[in-house]
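Shown next, in structure tokens, is the structure this report addresses.
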Amino acid sequence: MALATTGASMADTVRGSERDKKFFQSVEGEWVGPGEIVAGKYKGTKFNCNFTGTTPASKVGMTLDGGCRVGVFTQKMSATVEQTSARTYKGVFLDGAAGKGLDIVSGNVVDARKVVFTLNRNQLKGVMQARMADGNSMNVTVSVRVDDQLVPVIGVSLKRVDDTAVGTIARK
């Protein structure tokens, strides 16, 4: 019985890992789009972003790297996550909590179109969610915990601007 349970658990892990890998591969390519700060001191500030999505060759994960522009000013932005165990991810947003950014302390691929990461910086706790509306659109929301509620703070709607293949087509 224990052997059968272990075998089933390993099969679930392999399927989950393949699902995760497919999600991250769907983020590969060039992305652009508008965003807005929807709460806090800078509420109403609109910006435009350009990102390049890549995946590591030997690990499950991704990097979105680029920047967002407000008027004539550009802020470098990046998020990198890698699988640390069969069920979670860790990484950094900007330069991590040691710098001016946030640590990604956990996370998981919810399904083929959505990933959620837990963010942490000192007393600031929050989540970053990326959802693929379709193969060429992605919405990213950053929310912070205020008391017992998650409050959306930043929203970005990205569109793919390259011809990177997505879906069930095998990559070489």
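The values are calculated or read from the model by the stated rules, or taken from the named source; none is laboratory data. Keep in mind that this is a model prediction, so the values were computed, not measured. Quick reminder, even Gly has a Cβ in these numbers, built from the backbone with ideal geometry, and neighbours come from all protein chains shown. Side chains are part of the model used for accessible areas, which takes the heavy atoms of the whole protein and leaves out ligands, DNA and RNA. Shrake-Rupley method; radii C 1.70, N 1.55, O 1.52, S 1.80 Å.
Values computed for the structure shown
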| read-out | value |
| --- | --- |
| Matching label, Rg/Rh (Cα atoms, Kirkwood Rh) computed from the structure shown, candidates (1) 1.07; (2) 1.00; (3) 0.95 | (2) |
| Sites residue 133 and residue 32, calculated FRET efficiency, Cβ-Cβ separation with R0 25 Å, nearest 0.05 | 0.95 |
| Count of lysine pairs in region 55-164 with Cα separation under 23 Å (8 or more residues apart, or interchain) | 12 |
| Length released on extending from residue 146 to residue 65, taking residue separation times 0.36 nm less the Cα-Cα span | 26.4 nm |
| Extended-chain gain in nm, criterion 0.36 nm per residue less alpha-carbon gap, residue 76 and residue 163 | 28.9 nm |
| Full-extension gain in nm, residue 123 to residue 110, via 0.36 nm per residue minus C-alpha separation | 2.1 nm |
| Paramagnetic reach from residue 54 (point 7 Å along Cα→Cβ, amide N under 12 Å) across region 18-32 | 29 |
| Residue-normalised accessible area of region 25-172, given per residue in Å² at a 1.4 Å probe | 58 |
| Between helix 2-26 and the chain: long-axis angle, C-alpha atoms, 0 to 90°, nearest 10 | 40 |
| Within-11-Å neighbourhood charge of residue 131 [Cβ basis; K, R +1; D, E -1] | 0 |
